[in-house]
1. So how many Å³ per residue does the convex hull of the Cα atoms of the chain work out to?
2. Given contacts defined as C-alpha pairs under 8 Å and at least six residues apart, what's the relative contact order of the chain, whole-number percent?
3. May I ask which residue of P119, G226, P236 lies farthest towards the positive end of the charge dipole of the chain, with charges of +1 (Lys, Arg) and -1 (Asp, Glu) on Cβ and the Cα centre as origin?
4. Please list, in chain and number order, the residues 5+ apart from Y75 or on another chain whose amide H is under 5 Å from its amide H, with Hs placed from the backbone.
5. At 20 °C and a viscosity of 1.002 mPa s, what translational diffusion coefficient does Stokes-Einstein give for region 122-217, taking Rh as the Kirkwood radius over Cα pairs? Give it in µm²/s as a whole number.
6. Only counting other Cβ atoms within 10 Å, I'd like V98, V340, V130 sorted with the fewest neighbours first.
7. Whose amide H sits under 5 Å from the amide H of W311, counting only residues 5 or more places off or on another chain, with H placed in the peptide plane?
8. Of Q217, V188, S161, which is farthest along the charge dipole of the chain in the positive direction, counting Lys and Arg as +1 and Asp and Glu as -1 at C-beta?
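A short reminder: the numbers here are calculations on the coordinates, not readings from a lab. Remember, predicted model here, so these are calculated numbers, not experimental data. Note that each Cβ is placed from the backbone with ideal geometry, even for glycine, and that neighbours are counted across all protein chains shown.
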Amino acid sequence: MNPCSRGFAVFVRLLLMCAASLYSGCHSAADAPADSRRLTAIAWKEHPASPILVPGQPGSWNEKRADTGNSIIYYKHRWYLFHSGVDAGTVGRIGLHVAAGGKIVGPWQALRDQPVLGPGVAGAWDSESVAHPSVMRRAGVFWMYYGGTDGNRQRIGLARSGNGIDWKKLPGPVFSPGPPGSWDAGGVNHPSVLHDGRRFVMAYAGWPDGRSAIYSQIGIAVSTDGMKWSRLAAKPVLGYGGKGHWDEIGLMAPRLWVENGRYYMNYSGREAETALSSLGHATAETLDRWTRSAGNPMLHHTQIRYHEIGWATAVWFERRWYLLATANLDYGVTTLWQEVLH
């Protein structure tokens, strides 16, 4: 994620999975450094302010859902939270909420001219829907990776902005499904992108031809310029869990970050019995060798008041870990979870 010297006037130590570039961090004298290694040993509780985002009014662009992606950046003394929304016709768009005053709990307010990114024109690769933003800021420019579909195939695109509000899409997707017979030939989505100091790295969800996105696994791609991508391997780096496991039939929604040369990823997994999702965590010394945490799942769907949970974006703020996570009950919301301090 982006260091303070590149324009983030941040007075707390932050670790933002979705900000998507190497973040060296800055903190107040009273603040302690983050330690991602202990994430799965944490007991979590829902913050009293949660959910922080809820669906809009009938007829609005986010009438049914106000969640997924949850890409958060601290910019000009405000938190910028990019997220997906779905209208009554199930069309996905991407919106932006901001929280002034430097408080992760909000209150969060919709910025003007919502949504900030919508589907493409008729015939475009993203003409039906866009969702799941992963936003970073490099050299004074916001970069947004997002999932899109024409109703046939899901792919990943890129848009850029000078202010985080007015966006211009690159023509065509920057990442597409794999060749016939490959594990991700059916579709790719859920990008999470960072720059590790040497190259761009993307974690993404992919699934085989003939199956739905529920049956996805997680892959890694790399790039020198953020636009031309190469798959790291011919196989997913995180595949289906074992029989009866909480992530037996699907892994999705990776949230990727790097700290002290080590890679970390939160992700969602689906069990076979109910197909409901819970939260997990994995780590890697090298991008091709990931290890699931022994403490998985971090939060199981049976432990919460919602019927499932996913998209866990981690934030280190004022000596405590927070998770921004999508949750579903009758509709999709963005929830806030905090570390229980002892």
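1. Dividing the Cα hull volume of the chain by its residue count gives 130 Å³.
2. Over the chain, the number comes to 17 percent.
3. Farthest towards the positive pole: G226.
4. Residues meeting the amide H criterion: Y80.
5. The Stokes-Einstein estimate is 155 µm²/s.
6. Numbers: V98 18, V340 11, V130 25.
Final ranking by Cβ density, sparse to dense: V340, V98, V130.
7. S268, T326
8. Highest projection toward the positive end goes to S161.
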